[in-house]
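Data first, discussion second: the structure below is written as structure tokens.
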Amino acid sequence: MAARLLGRMLGNRRRRRLLLLLLRSPARGSGGGCARRGTDTGSLTKQAEATVATDWKKKLTPEQFYVTREKGTEPPFSGIYLNNTESGIYYCVCCNAPLFSSEKKYNSGTGWPSFSEAYGTCGRDESNTNITRQPDNSLGSTRTEVICKQCDAHLGHVFDDGPTPSGQRFCINSVSLNFKPGSG
């Protein structure tokens, strides 16, 4: 009930949807997606983390902040790049690092933009890409999270049910990306 009241007060349909997503999602802890070791590192560190979070909040839309800094997920079939078929490169919305090429994008039918490999991949070697992989046990099952190597933005997840030859499906949130048309 509180979520509906707040949603009405906000008025904007997108804000209302985001607020409902935030209120329905499990608590994710503080620190904007930063890993903690379980020890109090002092008020200076907490202040620095708060400053970084404030800076990201100034740069990003509420939806972008929720997905990239708080490890959220946009609703399926809602992303701006889901049906994009233009040639070009997809960049990190936070730091502008190149992440995926349109040449490796395909329609997986899952509701999120899907790619068979990251930009800069050579065979199975991802050392020249701007992504990292990290285990994600947040929903009671083990998945592999995809993170921007340059700024630690949450991008989405990768699964082993993609097309050949890679067999990978990078399932990426549109709000974590910026697209620049051109050779991809």
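The values are calculated or read from the model by the stated rules, or taken from the named source; none is laboratory data. The shown structure was predicted, so the numbers you read here are calculated from the model rather than taken from an experiment. SASA here: full protein model, heavy atoms, side chains in, ligands and nucleic acids out. Shrake-Rupley method; radii C 1.70, N 1.55, O 1.52, S 1.80 Å.
Quick notes on this one:
- Phi to ³J(HN,Hα) by Karplus 6.51 cos²θ - 1.76 cosθ + 1.60 over the stretch 101-106, Hz, x for Gly, Pro: 9, 4, 5, 9, 8, 8
- A 1.4 Å probe, protein heavy atoms only, puts the accessible area of F77 near 140 Å².
- Treating each Cα of the stretch 36-184 as one equal point scatterer and applying the Debye formula with no solvent, the log10 of I(q)/I(0) at q = 0.10, 0.16, 0.17, 0.19 Å⁻¹ comes out as -0.35, -0.87, -0.97, -1.18.
- Per-residue Karplus couplings for the stretch 165-182, computed as 6.51 cos²θ - 1.76 cosθ + 1.60 with θ equal to phi - 60°, are listed in order as x, 6, x, 9, 10, 7, 9, 10, 6, 4, 5, 8, 10, 10, 9, 10, x, x Hz, Gly and Pro entered as x.
- Less than 5 angstrom separates the built amide H of Y91 from those of L99, N178, F179, K180, all sequence-distant by 5 or more or on a different chain.
- ³J(HN,Hα) computed for each position of the stretch 65-82 - Karplus, 6.51 cos²θ - 1.76 cosθ + 1.60, integer Hz, glycine/proline x: 5, 4, 6, 7, 9, 10, 6, x, 9, 6, x, x, 6, 10, x, 5, 9, 3
- Cross-link pairs K57/K180; K71/K104; K105/K180 - those with Cα-Cα distance over 21 Å: K57/K180; K71/K104
- Carbon + sulfur, % of accessible area of the stretch 42-184 - ligands and nucleic acids excluded, 1.4 Å: 51 percent
- For the stretch 50-97, the solvent-accessible area with a 1.4 angstrom probe is 52 square angstrom per residue.
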